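So the structure is just underneath, and the comments pick up after that.
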Amino acid sequence: MILRLLALTLAAAPAAASADTGTSSVAPTELGRRARPGEVRSVSWTVKTGKIPAAGGLLVGEMGFSGLPRVSYQHTLLEGFSLGVLLAFDYAGHRPAEAFDPTVVVGLPLRFTLPAEGWDLGLAATLGLRLEGPQDRLLALLVDLETNVGFTIEHRVLIGGGVALPMSLGVGGSGARFDVPILVGPFVEFHPIPPLAVVFDLKAGPHLATSGGTAFGLRTHLGIGYRF
């Protein structure tokens, strides 16, 4: 009996010592894992790629060429899918040669997470209308497609790139016009705090149009995303 009590006392001693110092016997291993050199802390959601928030909404505001500004709200409806509303004031339609012709854009932005093992890949699509300025007086139907892939390179910092096709079909005025910009380029996304993201996006390429051949197309925006 005495030997049994002695064995129980020795077995309980380490746990008692951990309790006195306010630590757990698992903590050193866990802390050591978190402090491992070279470990990069990722994020659970993004503005540009396929990491759609698991629940709630995402408010995004952007300014640049050629949106001044662009504001959208997106709400997660299903895992890997969100739907929202967009309002923008555009002044060139991604075509520097047409600046400054003011237009108003309203749309429904959709985001999808694309299945790609080991890749952060997403697809965004905006279906909407653009009311052209007084020079053309056209009503344009919009189908804006974009896909981006991103990589975490530093704590809460992502870099990546993608392709955007902000297509439009304008009707009215002097006739119909079909525009197909093919824009390619990088982006950088930084999350200073968990609910906030800062994004810089630059895409450029040929702008094809039935009314004027091929021109230079450009889209460059600085934006902020806030998750609710």
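The values are calculated or read from the model by the stated rules, or taken from the named source; none is laboratory data. Treat the numbers as computed from the prediction; the structure is a model and nothing was measured. All Cβ positions, glycine included, derive from the backbone under ideal geometry; neighbour counts span all protein chains shown.
From the list 218, 208, 139, the one residue that fits, being modelled with pLDDT under 90 and not small (Gly, Ala, Ser), is 139.
Evaluated against (1) of a type outside the set (Lys, Arg); (2) closer than 17 Å to residue 51 by Cα; (3) assigned to a loop (DSSP other than H, G, I, E, B), residue 175 falls short on exactly one condition, (2). Output the residues belonging to the stretch 163-196 that are modelled with pLDDT of 95 or more and touching a Ser or Thr at 6+ places or on another chain (Cβ under 7 Å). Residues satisfying the conditions are 163, 189.
Hey, can you tell me all the residues within the stretch 94-118 that are in a loop (DSSP other than H, G, I, E, B) and under 20 Å from residue 217 (Cβ atoms)? So that I can check it myself, show each step before the final result.
Start the filter on the stretch 94-118 by keeping residues that are in a loop (DSSP other than H, G, I, E, B), which leaves 94-95, 99-102, 114-118.
Selection gives 94, 95, 99, 100, 101, 102.
Give all pairs with beta carbons closer than 8 Å in which a residue from the stretch 115-127 that is surrounded by 14 or more Cβ atoms within 10 Å (Cβ to Cβ) meets a residue that is among the β-branched types (Val, Ile, Thr) and in a loop (DSSP other than H, G, I, E, B); count only pairs at least 6 apart in sequence or on separate chains. Here the result reads 120/46; 120/49; 121/49; 122/46; 122/49; 122/52, each pair linking the stretch 115-127 to a residue that is among the β-branched types (Val, Ile, Thr) and in a loop (DSSP other than H, G, I, E, B). For the stretch 181-219, a residue qualifies if it is surrounded by fewer than 16 Cβ atoms within 10 Å (Cβ to Cβ), β-branched (Val, Ile, Thr) and either touching a strand residue (DSSP E or B) at 6+ places or on another chain (Cβ under 7 Å) or in a loop (DSSP other than H, G, I, E, B) (or both), and the qualifying residues are 184, 198, 210, 214. The criterion of being out of contact with any helix residue (DSSP H, G or I) (no Cβ under 6 Å at 6 or more places or on another chain) and within 23 Å of residue 180 (Cα to Cα) holds for residue 125.
Quick one: how many residues across the stretch 66-75 are surrounded by fewer than 20 Cβ atoms within 10 Å (Cβ to Cβ) and at pLDDT 95 or above?
3
The one condition from (1) within 14 Å of the chain's Cα centre (by Cα); (2) surrounded by fewer than 18 Cβ atoms within 10 Å (Cβ to Cβ) that residue 154 does not meet is (1). Scanning the stretch 208-228 for residues that are within 26 Å of the chain's Cα centre (by Cα) and among the small types (Gly, Ala, Ser) returns 217, 223, 225.
Selection over the stretch 115-136 of residues that are at pLDDT 95 or above, closer than 18 Å to residue 48 by Cα and not polar (S, T, N, Q) gives a count of 6.
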